[in-house]
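This is the structure I want to talk about, given as structure tokens.
Where a number appears in this text, it was derived from the coordinates with a stated rule and is not lab data. Just so it is clear, the model here is predicted, and its values are computed rather than measured. No Cβ is skipped: glycine too gets one built from the backbone with ideal geometry, and neighbour counts run over all protein chains shown.
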Amino acid sequence: MEFVFDAWYVAGWSRNFQHELVPQTILEQNLVFFRQNDDKLVALEDRCPHRLLPLSKGNLVGDNVECGYHGMTFDGNGKCVRIPAQDNLPPSAYVDTYPVEERHGIVWVWMGIKEKADPNLIFNMDEFKDSSWHKHLGDALHIKAHYLNVAENLVDPAHVSFVHPTTLGSAASQDVPVEVSTTDDPIAAWRWIRNAPPVGFFQKFGSFSGNVDRWHYYYLHLPSTAVIDFGSAASDLQLKEDERHKGVRIFAIHFVTPVTRDYTIDHWMHMRNAAVGNDDASKQIDDLFRIAFEEDKEILEAIHKEEQRQQTRAPIRIAIDRAPLVYRKRIKELVNLGSQQR
């Protein structure tokens, strides 16, 4: 087992789930989601206990799911409520259910032991409820790579200069050291690039006329939610580290959901303190992010493909790997703890 089961994972945005059957695979578990008539969202095991046909191949009848093979029907609690031509409903005729919560248009599902599903553990930021910040839900990036590679990329500011040279980074940051804090959750890595031309993102969005001071703060919350606090301010302002709110500041938030060992979905969104309420700005930022995240996808999928080949020696580690190494160590500890408790 290599997944952390006792955690909340993002299944998608609320807008993606209506009164219809929506199959999802998370942590190699097949689920089917549907919204009941009272708007409550339900997640069931996507497998009929009779002949194992996925329930998502069946029909939604009112608030119940009817198997498409022999018509066995299950309610939102996973209980069998009908077996055609049979009055006896055996106790073994049920499907597992998964706790679901919706917050700020985001659908969360608990994949572990139900009794441990505490909604207070769902990722949150004060800015979600702050009207001075613009909240915008983006896309789902499908990546053929292991989720650990995807997540550790999101606590690695050093790659930006090379993977995103025209969007989020530039050559000006290549030799700027990365600072790291690994004592708490989240793991953090960051750096400032002072008195340099704005990167492509802020050339288009920030409207800066001269050099800027810019920052990247990467926060990785276990097991796999990342917040990238990045922004720019005119260099003559000489902002201190705790004055980032005075510049153009954006939080890019990545909800990394493991699908299988070879497939990950990165649900991404952003919040910003500029152009609040401006939908055109949201579209512009989405377009820039799509370019940058496709660059990540290409790198991560190439790495994953190489990892499947026979290795003659282990990859080396360098100074910038400190945060990713600590992240993998903590995930391993959580996986081992979960194995002992399941």
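Beyond 19 Å, how much of the Cα-Cα pair distribution for the stretch 234-302 remains, as a whole percent? Walk me through the numbers before you get to the answer.
Working: 1184 of 2346 pairs.
So the portion of pairs separated by more than 19 Å is 50 percent.
Ok, one more. In percent, what relative contact order does the chain have, based on Cα pairs under 8 Å that are 6 or more apart in sequence? Numbers along the way, then the final one.
Values: 668 pairs, mean separation 62.2, N = 342.
Rounded, it is 18 percent for the chain.
How far is helix 322-341 tilted off the main Cα axis of the chain, in degrees rounded to 10, range 0 to 90?
That works out to roughly 20 degrees.
Also, quick follow-up: P(r) tail for the chain, what percent of Cα pairs lie past 40 Å?
20
Calculate one ³J(HN,Hα) per residue across the stretch 245-251 by plugging θ = phi - 60° into the Karplus curve 6.51 cos²θ - 1.76 cosθ + 1.60, and present them in order as whole Hz with x for glycine and proline.
Result, rounded to whole Hz: 5, 7, x, 7, 10, 9, 9.
Where does the charge balance sit around T73 when Lys and Arg score +1, Asp and Glu -1, over other residues with C-beta under 11 Å from its C-beta?
Values: positive: K79, R82; negative: D63, E66, D75.
Surrounding charge for T73 is -1.
If you take the charge dipole of the chain about its Cα centre, with +1 on Lys and Arg Cβ and -1 on Asp and Glu Cβ, which of L300, W268, G71 is farthest toward its positive end?
It is L300, whose Cα lies furthest towards the positive end.
I'd like the distance between the alpha-carbon centres of the stretch 127-161 and the stretch 203-236, rounded to an integer number of Å.
If we compute the Cα centre of each part, the gap is 13 Å.
In the P(r) worked out for the stretch 264-342, what percent of Cα pairs fall beyond 16 Å?
Numbers: 2270 of 3081 pairs.
The answer is 74 percent, as a whole percent.
Lys and Arg at +1, Asp and Glu at -1: add these up for the other residues within a Cβ distance under 12 Å of A158 and post the number.
On the way: positive: R191, R322; negative: E152, D156, D175, E179, D321.
Every neighbour counted, the sum reads -3.
Where Rh is the Kirkwood radius over the Cα pairs of the stretch 132-336, the temperature 25 °C and the viscosity 0.890 mPa s, what D in µm²/s does Stokes-Einstein return?
139
Which of H254, T166, L334 sits closest to the plus end of the dipole of the stretch 132-336, meaning its Cα is farthest towards the positive end, when Lys and Arg get +1 and Asp and Glu get -1 on the C-beta?
Checked the options; the winner is L334.
Might you report the magnitude of the Cβ-based charge dipole of the chain about its Cα centre, with Lys and Arg at +1 and Asp and Glu at -1, to the nearest 20 debye? Can you show the working numbers first?
On the way: 37 positive and 48 negative charges, 98 e Å.
That gives a dipole near 480 debye.
Here is a further query. To the nearest 10 degrees, how steeply does helix 279-307 sit against the main Cα axis of the chain, on a 0 to 90 scale?
So the helix axis and the longest Cα principal axis differ by about 80 degrees.
May I pose another question? Placing unit charges on C-beta atoms (Lys and Arg positive, Asp and Glu negative, everything else neutral), compute the dipole magnitude of the stretch 132-336 about its Cα centre in debye, rounded to 20.
300
Another one. Under 4.7 Å Cβ to Cβ, no partner at all: give me those cysteines from the chain, in residue order.
Cysteines lacking a close Cβ partner in the chain: C80.
If I take every Cα pair under 8 Å that is 6 or more residues apart in the stretch 8-119, average their sequence separation and divide by the length, what percent do I get for the relative contact order?
26
First obtain the Kirkwood hydrodynamic radius of the stretch 188-252 from its Cα pairs, then insert it into the Stokes-Einstein equation at 25 °C and 0.890 mPa s, and state the resulting D in µm² per second as a whole number.
Values: Rh = 12.1 Å.
Using the Kirkwood radius from Cα pairs, D works out to 202 µm²/s.
Give me log10 I(q)/I(0) at q = 0.11, 0.15, 0.19 Å⁻¹ for the stretch 8-119, Debye formula, one equal scatterer per alpha-carbon, no solvent.
-0.33, -0.60, -0.94
Normalised by the residues of the stretch 11-58, what does the relative contact order come to in percent, with Cα pairs under 8 Å and at least six apart?
It rounds to 27 percent for the stretch 11-58.
Hey, another quick one. Projecting each Cα onto the charge dipole of the chain (Lys/Arg +1, Asp/Glu -1 at the beta carbon, about the Cα centre), which of L141, L21, I316 comes out farthest on the positive side?
I316
Within the set of other residues whose C-beta is less than 13 Å from the C-beta of K240, count the net charge using Lys and Arg as +1 and Asp and Glu as -1.
Counting the neighbours of K240, the net charge comes to -1.
Starting from the Kirkwood Rh over alpha-carbon pairs, what translational D in µm² s⁻¹ does the stretch 297-339 have by Stokes-Einstein at 25 °C and 0.890 mPa s?
The diffusion coefficient I find is 195 µm²/s.
Separate question: Where the only charges are on Cβ atoms (+1 Lys, Arg; -1 Asp, Glu), what is the dipole of the stretch 1-147 about its Cα centre, to the nearest 20 debye?
340
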